[in-house]
Amino acid sequence: MKNLLLIAFGFFSTVALNAQQSEWCATDEMLQEYFLSNPEQEQSFWNEQIQLSELAQLSSLKGAQNNKAPIITVPVVVHVIHYNGLGNITKQQIDDGIRILNEDFQMLNSDTANTRAIFKIAADTQIEFKLANIDPNGKCTEGVNRINSYLTYDKRNEVKALSYWPSNQYLNVWLVNTIRSGSGTGTILGYAQFPNSGSLNTYGFVCRNDRWGSIGTANNSNGRTVTHEVGHCFSLFHSFQSGCGFSCVNSGDFVCDTPPSQSTFGCNYS
């Protein structure tokens, strides 16, 4: 996993994690809830993030980013949680979401032409996502599970118990109709679980079905919510994760391609 994270660092800080200025992500909130329930894990979690950041900087100094890494294939299982057909999206829409995810991770999306010059370090992460074709029992599958449940409305991790495949073999995605808002206001579009911040049985991400892909129920979406949340699954933070600081290694998103920032007003570096 660490090697995968080092490959992905430079891409997501500039493309995926800053792509949701007007969208709501509950990943930070879920992480804080985990720390409240498991305070003994908090310090070791942040220590690990700093160590990963230092490894990324060392890798960059050695020029490792110029070496083509083998393509990493990530098998994906999409659990479609619908209620009597509401939210039971088509296979075509599921395929479209995978297409967008791969375009973003492989820097094939056309809007990379709009990237500011200072952030032109973005690159193909050499990661490919594919719907699983073998299930945990060794049987053929399309990589899609469809579950009829009212838990598709205004819940959080409760939906994960309905359908789950081992997270050491698959990336679990749960698509729902709505997600419960927390203490703040606004609509929650998705949230992810960072590595080492909870049970393996809940690792993956939850997303509204109208943010998966760009067709069907998501015909007003660009599909980037999914890219954003997968970045979190790979231990990548918001650039404003820990507020302003003096070092990009241990503040902000822990990646030095962007400076630490605050979500509203930015940081004063004068």
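The values are calculated or read from the model by the stated rules, or taken from the named source; none is laboratory data. Predicted model, so just to flag it, every value in this text is computed and none were measured. Using ideal geometry, Cβ is built from the backbone for each residue, glycine included, and neighbour counts are taken over all protein chains shown. Areas reflect the complete protein model, heavy atoms only, side chains present, ligands, DNA and RNA absent. Shrake-Rupley method; radii C 1.70, N 1.55, O 1.52, S 1.80 Å.
Side notes on the structure shown:
- With DNA, RNA and ligands ignored, accessible area of SER199 (1.4 Å probe; Å², nearest 10): 60 Å²
- Loop trypsin sites (Lys or Arg not before Pro), the range 150-199, which have at most 10 other Cβ atoms in a 10 Å radius of their Cβ (DSSP): none
- Added length on full extension, which subtracts the Cα-Cα distance from 0.36 nm per residue, TYR83 to GLU48: 8.6 nm
- Solvent-accessible area of the range 148-233 (1.4 angstrom probe, protein heavy atoms only): carbon and sulfur portion equals 47 percent.
- Computed with a 1.4 Å probe over protein heavy atoms only, the accessible area of SER110 comes to about 110 Å².
- Full-extension gain in nm, ILE71 to THR178, via 0.36 nm per residue minus C-alpha separation: 35.1 nm
- Estimated dipole of the range 74-168 in Debye, rounded to 20 [Cβ of Lys and Arg +1, of Asp and Glu -1, Cα centre]: 200 debye
- With every protein chain in place and a 1.4 angstrom probe, the accessible-area ranking of VAL144, VAL226, largest first, reads VAL144, VAL226.
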